[in-house]
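No value in this document is a laboratory result; all are computed from the given coordinates. Everything quoted here is computed from the prediction, not taken from an experiment. Methodologically, a virtual Cβ is constructed for each residue, glycine included, from the backbone with ideal geometry; neighbour enumeration extends over all protein chains shown.
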């Protein structure tokens, strides 16, 4: 079973929930989960799970290189490129690597075979294990690179779960292409939100993505302070979204997380609650949980 933990909004507590979920399952004593940090632009789950990385692999995309001695400047490469990563100006063909998505169309369609592909490193994927035995993987995109999706795809294809092993994906914030790449093919989308107008706005965006991908969803309300903001609960009820868990708004939690402690280290009583959360999800999608 693959549980994707998403928020739509940065700073909502997505990684707090995802890491505590992994630690709670590892505490059961059976096969620890596989944890994948898909927030490749700013991965931070390692700060709470503290893995030791023992494998690393570079991620690259193929960038076109033009042989001007063979190029006839027919412009077919520029016409096929949807991202305007290649342009023909007179007798000169220009390539803009930052815009290239590595699709290979220009290379395939060049009538003169003047284009070859050269790998360009855009980041790395790493894996290892935490002290609790959690198999941990993450992607790290190089600073200044514009495209996170190739790194995320490499991460998801490189690290495979063992048979019957539960997988937790820590999804990037927002509601763009990296989010879609991270949640695609998940069995359940766990949406972390907060009882504020901003939290509700971004929750609605994630619900649209989940429905488009036809993924079952449930909600965790973080920083639940009983403020009287009823918009969140009203929306969840109208949208038939079950609120599976509420995490209180406490100073002790904020202080502990700022010091690098996980939520279940701050509140050990929540360990059992996270385990029950997984059982609820498994029951909803008819997946057998083996503790």
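A few comments on the model shown:
- The range 161-183 - residue that is closer than 19 Å to residue 281 by Cβ and touching a helix residue (DSSP H, G or I) at 6+ places or on another chain (Cβ under 9 Å) and, of those, surrounded by the most Cβ atoms within 10 Å (Cβ to Cβ): 171
- For the range 24-35, a residue qualifies if it is in contact with a helix residue (DSSP H, G or I) (Cβ under 6 Å, 6 or more places away or on another chain) and closer than 21 Å to residue 172 by Cβ, and the qualifying residues are 33, 35.
- Where helices (runs of 4 or more DSSP H) fall wholly inside the range 41-147, no range has 3 or more residues that are on the phi > 0 side of the Ramachandran plot and exposed (fewer than 13 other Cβ atoms within 10 Å of the Cβ).
- Residue count for the range 1-40 satisfying the condition of being crowded, with 21+ Cβ neighbours inside 10 Å and in a loop (DSSP other than H, G, I, E, B): 10.
- Check on residue 172, without any contact (Cβ under 8 Å) to a residue 40 or more places away in the chain and in a loop (DSSP other than H, G, I, E, B): no
- Just one residue in the set 151, 192 is outside any loop (DSSP other than H, G, I, E, B) and closer than 17 Å to residue 16 by Cβ; that residue is 192.
- Any hit, the range 275-282, residues being in a helix (DSSP H, G or I) and either without any contact (Cβ under 8 Å) to a residue 12 or more places away in the chain or exposed (fewer than 11 other Cβ atoms within 10 Å of the Cβ) (or both): yes
- Tally, over the range 40-60, of residues that are in contact with a strand residue (DSSP E or B) (Cβ under 6 Å, 6 or more places away or on another chain) and under 26 Å from residue 98 (Cβ atoms): 8
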